[in-house]
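Enquirer: My questions will all concern the structure given below.
The values are calculated or read from the model by the stated rules, or taken from the named source; none is laboratory data. This one's a predicted model, so the numbers in the text were calculated from it and none came from an experiment. Backbone-built Cβ (ideal geometry, glycine too); neighbour counts: all protein chains shown. SASA here: full protein model, heavy atoms, side chains in, ligands and nucleic acids out. Shrake-Rupley method; radii C 1.70, N 1.55, O 1.52, S 1.80 Å.
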There are 2 protein chains.
Amino acid sequence: MSLREVAVIGTGITKFGELWEESLRGLGIKAGFQALSEANVGSEDIDAMYVGNLSAGMVLRQEHVGALIADYCGFAERHIPTTRVEAASASGGLAIREAYMAIAGGFYDIVVVGGAEKMTDATDIQAGSSVTSGADEEWEAFYGATFTALHAMCARGHIDEYGTTREQLSAVPAKNHTHAANNPLAQFPFPVKPEAVSGSGLVSSPLRMLDCAPSSDGAAALVLAVGDKARELCDNPVFITGSGQGSDTLALHDRPKLCRFPAIAHAAHAAYAQSGKSATDIQVAEVHDNFSISEIIALEELGFFGHGKGGPAGEQGQTTYGGQIVVNPSGGLKARGHAPGATGIAQAVEIVQQLQGRADKRQVEDVKVGLCENHGGTAATAVVHVMEVA
Amino acid sequence: MSLREVAVIGTGITKFGELWEESLRGLGIKAGFQALSEANVGSEDIDAMYVGNLSAGMVLRQEHVGALIADYCGFAERHIPTTRVEAASASGGLAIREAYMAIAGGFYDIVVVGGAEKMTDATDIQAGSSVTSGADEEWEAFYGATFTALHAMCARGHIDEYGTTREQLSAVPAKNHTHAANNPLAQFPFPVKPEAVSGSGLVSSPLRMLDCAPSSDGAAALVLAVGDKARELCDNPVFITGSGQGSDTLALHDRPKLCRFPAIAHAAHAAYAQSGKSATDIQVAEVHDNFSISEIIALEELGFFGHGKGGPAGEQGQTTYGGQIVVNPSGGLKARGHAPGATGIAQAVEIVQQLQGRADKRQVEDVKVGLCENHGGTAATAVVHVMEVA
């Protein structure tokens, strides 16, 4: 059977950062309303809502976040279906995929996808637990493995296998901070030099403080519509032409190689196959750089560069303006900020705005095909979307 | 566009109860393997997995439960998509619906749906918080409202509006315990007299201890397949012919009436419309009796009895063997047990086994059409499925 076309017709995103005066629901409403307004639709037009969130249960003692956000967006009166999905930091990307599938499959015509996270209301212990809750509690977190320590092992594996260098790692956050300097909604909208990354405090060898993305507050939202309605409501809808999802063992120690994230390759393969595009067609991408090593591995798994070539490519300027592909024009998780449930959706907001030519100073020239890659835990879940404009 | 047929071809369910020697992942594996074995499929046949879970983050510090359960079921090597959904106690029913939609829409052919919950590893405070996390934290739980207190207000509203009596409330758990006496996997497989319910300790007026379902450990799983594969793999597949979902305000105080759960009516309307069946066609149903009042309201919202008639119908024997419709032959949440993420799936396991004529001493005679109703919070999410055999 053939799937129906699905397009993004509206985007919403808040500032990311330590937003002490904002609540989870307040952030959700702000992004949701902005997306509705941009799409020029009202709550009476919405058939369903999908919400991505990781930490509200552990941090705020609030589960059932799908009903919560839909209620506060004014959808409760019409009793529309509201669904929360969770896959650690991939929760946002997964919410997009579930909404995409529901429209493509014929269940709904117009759906709001929202992601929100409020990390700064947590104590240090709560915040740490909520981040490691995406890893294996019984075999990793319980023994004291932090999320940074787990990724440090991946970095060590990559260094051992491919000779990846400190300078190559440092080039990733430096590039993303340079991009974020043009993003007024970024948490850290200022440049950081590679030497500053290399000289920042050691957290878990070889990862240093500026290799690590922050835990942020923030929200983002999309309005998705079936093809004909999208064309009717929007002058330049951005079509989701490929959607893929992959999984892996939750614990790192069960995998054959620490330097690979095969769930990303699996998701990318599916998204490329569906869209008929390949890695060489992608002009702009948002990828999941929760640590500098994660961006390098993601670039390789997505096929943008060969295995072991992700580090050198970044250092040589191939992942920024004027290079082979612009990666994380928003500033990525490192510099725009990382609000787990919102992150995957914030990535899509950036790619949509890039493809619609309204990314201001961050605009990549003449882009028609973009990609979002969002993963959770140490990539035990990965979600990839290919997006295109006519 | 037309949707593809979807059927259940395998079921798995564990004992429900205080399972001190079982872990969340152990329970998940047990139910999952049983469903695979019953369906006569191997892990190489599975295209995706959906998991329902409420409390693992708050109780076990373990989120990312989709990847966890899939990993421990042996699916990680093939990197299949794994998705956790959460809508408080409706998490299990919602996992079925998302899996159903993914197959009906054309994305996957064979999907495992699992639900697991481990409530007894919690401290009293954790367990209490994880239950009230399905209500509105800022406007209900924060002020001390327990989940029982919120349902007590619904009961009070129903008494005020319709004159529902103590005896009518007590008839619900008494009937469900009588049913559970024939279910060897039930947490409380023994009869309880209506007078014992009426004489049990007051928890939150008018609800007494035996009006309230327990917080249980347990797991359940289904294998779903697209129509042609279901017929090929299974002699008597049970088709999901209608699926509906509804939402409501998270907080009770935002609703016009305390004695109604309109999200259930919304979900039922959609499921009936899709299946071409009406309330009068349903011969056997599992409904969400987390409190005695919940079953009464659900019976009314599902259209089995008029508003205000649910209490009298139960008292008059219309909801048990020989009556108009057999409700909760498994014993329901009250007597089979209530393990939130597993509950909606356990309901489906019972209805499938009833429709296949293999429910042993619980068998309802000559049943062809059944229904499951699962809700979360004070019915801020409701999911209804209509199931049929040829």
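Enquirer: How fast does the protein assembly as shown diffuse by Stokes-Einstein, in µm²/s, taking the Kirkwood radius from C-alpha pairs at 25 °C and 0.890 mPa s?
Expert: Values: Rh = 25.7 Å.
In µm²/s, the coefficient is 95.
Enquirer: Which order do B:211, B:366 take when ranked by solvent-accessible area (1.4 Å probe, heavy atoms of all protein chains), largest first?
Expert: On the way: B:211 0, B:366 130 Å².
Per-residue accessible area, sorted high to low, gives B:366, B:211.
Enquirer: Select from A:171, A:353, A:100 the residue farthest towards the positive end of the dipole of chain A; place +1 on Cβ of Lys and Arg, -1 on Cβ of Asp and Glu, and compute about the Cα centre.
Expert: A:171
Enquirer: Considering only the protein assembly as shown, what is the antiparallel percent among its DSSP beta bridges, to the nearest 5?
Expert: Details: 77 of 107 bridges.
Of all bridge pairs located within the protein assembly as shown, approximately 70 percent are antiparallel.
Enquirer: Right, next: Using only Cα atoms and rounding to the nearest 10 degrees, what angle (0 to 90) does helix B:91-104 make with the longest principal axis of chain B?
Expert: 40
Enquirer: Taking chain A on its own, what percent of its Cα-Cα pair distances exceed 31 Å? Each step should come with its number before you reach the end.
Expert: Values: 21089 of 75855 pairs.
Value for chain A (Cα pairs over 31 Å): 28 percent.
Enquirer: Quick one: among A:270, A:225, A:116, which has the greatest mean-square fluctuation in a GNM of chain A with alpha-carbon springs under 10 angstrom?
Expert: Answer for the Gaussian network model of chain A: A:270.
Enquirer: Provide the buried accessible surface between chains B and A in square angstrom, both chains summed, 1.4 Å probe, rounded to the nearest 100.
Expert: Details: alone 14610 and 14600 Å², together 24090 Å².
Roughly 5100 Å².
Enquirer: With point charges of +1 on the Cβ of Lys and Arg and -1 on the Cβ of Asp and Glu, referenced to the Cα centre of segment A:1-125, which listed residue (A:90, A:24, A:76) lies farthest in the positive direction of the dipole?
Expert: Positive-end residue among those listed: A:90.
Enquirer: Looking at chain B, what % of its DSSP beta bridges pair antiparallel, to the nearest 5?
Expert: Details: 37 of 52 bridges.
So the antiparallel bridges in chain B amount to around 70 percent.
Enquirer: Just how large is the dipole of segment B:237-326 about the Cα centre, in debye to the nearest 20, putting +1 at every Lys and Arg Cβ and -1 at every Asp and Glu Cβ?
Expert: On the way: 5 positive and 9 negative charges, 40 e Å.
Here the size comes out at about 200 debye.
Enquirer: Which value, in Å² rounded to 10, gives the accessible area of residue A:162 with a 1.4 Å probe and all protein chains present?
Expert: 70
Enquirer: Also: Enumerate the calculated ³J(HN,Hα) couplings along segment A:244-260 in order (Karplus 6.51 cos²θ - 1.76 cosθ + 1.60, θ = phi - 60°), each rounded to whole Hz, writing x wherever the residue is Gly or Pro.
Expert: Going residue by residue, I get x, 9, x, 10, 7, 4, 6, 8, 4, 5, 8, 9, x, 9, 6, 8, 10 Hz, with x marking Gly and Pro.
Enquirer: Could you please state how large a percent of the accessible area of segment B:58-134 is carbon and sulfur, counting protein chains only and using a 1.4 Å probe? Please list the in-between numbers first.
Expert: Details: 800 of 1560 Å².
Answer for segment B:58-134: carbon and sulfur cover 51 percent of the accessible area.
Enquirer: Roll a 1.4 angstrom probe over the protein heavy atoms and tell me the percent of accessible area of segment A:296-390 that is carbon or sulfur. Mind showing how you got there, number by number?
Expert: Numbers: 1050 of 2340 Å².
Of the solvent-accessible surface of segment A:296-390, carbon and sulfur hold 45 percent.
Enquirer: Treat every Asp and Glu Cβ in segment B:80-200 as -1 and every Lys and Arg Cβ as +1, leave all other atoms uncharged, and give the resulting dipole magnitude about the Cα centre to the nearest 20 debye. Don't jump to the answer; show the numbers that get you there.
Expert: Working: 7 positive and 14 negative charges, 97 e Å.
Computed charge dipole of segment B:80-200: roughly 460 debye.
Enquirer: About its Cα centre, how strong a charge dipole does the protein assembly as shown have in debye, to the nearest 20, once Lys and Arg get +1 and Asp and Glu get -1 at the Cβ?
Expert: With only Lys, Arg, Asp and Glu charged at Cβ, the dipole is about 0 debye.
Enquirer: Suppose we compare each residue of segment B:222-264 in its chain alone and in the full protein complex with a 1.4 Å probe; which ones drop by at least 10 Å² of accessible area?
Expert: In segment B:222-264, residues shielded by partner chains: B:245, B:247, B:248, B:249, B:250, B:254, B:262.
Enquirer: So what's the back-of-envelope 222 nm ellipticity for chain B, counting only DSSP H runs of four-plus at -39500 (n - 2.57) apiece and dividing by all residues, rounded to 500? Can you show the working numbers first?
Expert: Values: 14 runs with 146 residues, N = 390.
For chain B, the value works out to -11000 deg cm²/dmol.
Enquirer: Which sequence of B:139, A:20 reflects their accessible areas, 1.4 Å probe, from the largest down? Working shown, then result.
Expert: Values: B:139 135, A:20 160 Å².
I get A:20, B:139, largest accessible area first.
Enquirer: Oh, and also: Would you mind getting the accessible area per residue of segment B:32-185, heavy atoms of the protein chains only, 1.4 Å probe, in Å²? Numbers along the way, then the final one.
Expert: On the way: 4390 Å² over 154 residues.
Ligands and nucleic acids excluded, the figure is 28 Å² per residue.
Enquirer: Output needed for segment B:27-185: three equivalent-ellipsoid semi-axes, defined as square roots of 5 times the C-alpha gyration tensor eigenvalues, in descending order, whole Å. Please list the in-between numbers first.
Expert: On the way: eigenvalues 236, 82, 50 Å².
Each semi-axis is the square root of five times an eigenvalue, giving 34, 20, 16 Å.
Enquirer: Once you place label points 7 Å from the Cα toward the Cβ at residue A:307 and residue A:366, how far apart are they in nm?
Expert: 3.5
Enquirer: Could you order A:229, B:175 by accessible surface area, starting with the largest, using a probe radius of 1.4 Å? It would help to have the intermediate numbers written out before the result.
Expert: Values: A:229 75, B:175 20 Å².
So the residues, ranked largest to smallest area, are A:229, B:175.
Enquirer: Here's something else I'd like to know. Pick out which of A:343, A:11, A:280 has the largest mean-square fluctuation in a Gaussian network model of chain A, springs linking Cα atoms closer than 10 Å.
Expert: Its mean-square fluctuation being the largest, the pick is A:280.
Enquirer: While we're on this one: Going by Cα centres, segment B:176-219 and segment B:319-390 are how many Å apart?
Expert: That distance is 17 Å.
Enquirer: Among the residues of segment B:82-99, which ones have their accessible area go down by 40 Å² or more when all the protein chains sit together, as opposed to their chain alone (1.4 Å probe)?
Expert: Going by heavy-atom accessible area, the residues of segment B:82-99 that drop by at least 40 Å² are B:82, B:83, B:84, B:86, B:98.
Enquirer: Next up: Charges on Cβ only, +1 for Lys and Arg, -1 for Asp and Glu, centred on the Cα centroid of chain B; of B:114, B:191, B:14, which one is farthest towards the dipole's positive end?
Expert: Most positive-ward Cα: B:191.
Enquirer: Something else about it: Rounded, prolate or oblate: pick one for segment B:266-390, where a ≥ b ≥ c are the square roots of the eigenvalues of its C-alpha gyration tensor, a/c under 1.5 means rounded, and failing that, prolate if a/b is larger than b/c, else oblate.
Expert: Values: a/c = 1.15, a/b = 1.13, b/c = 1.02.
Because its axes are fairly even, with a/c under 1.5, segment B:266-390 counts as rounded.
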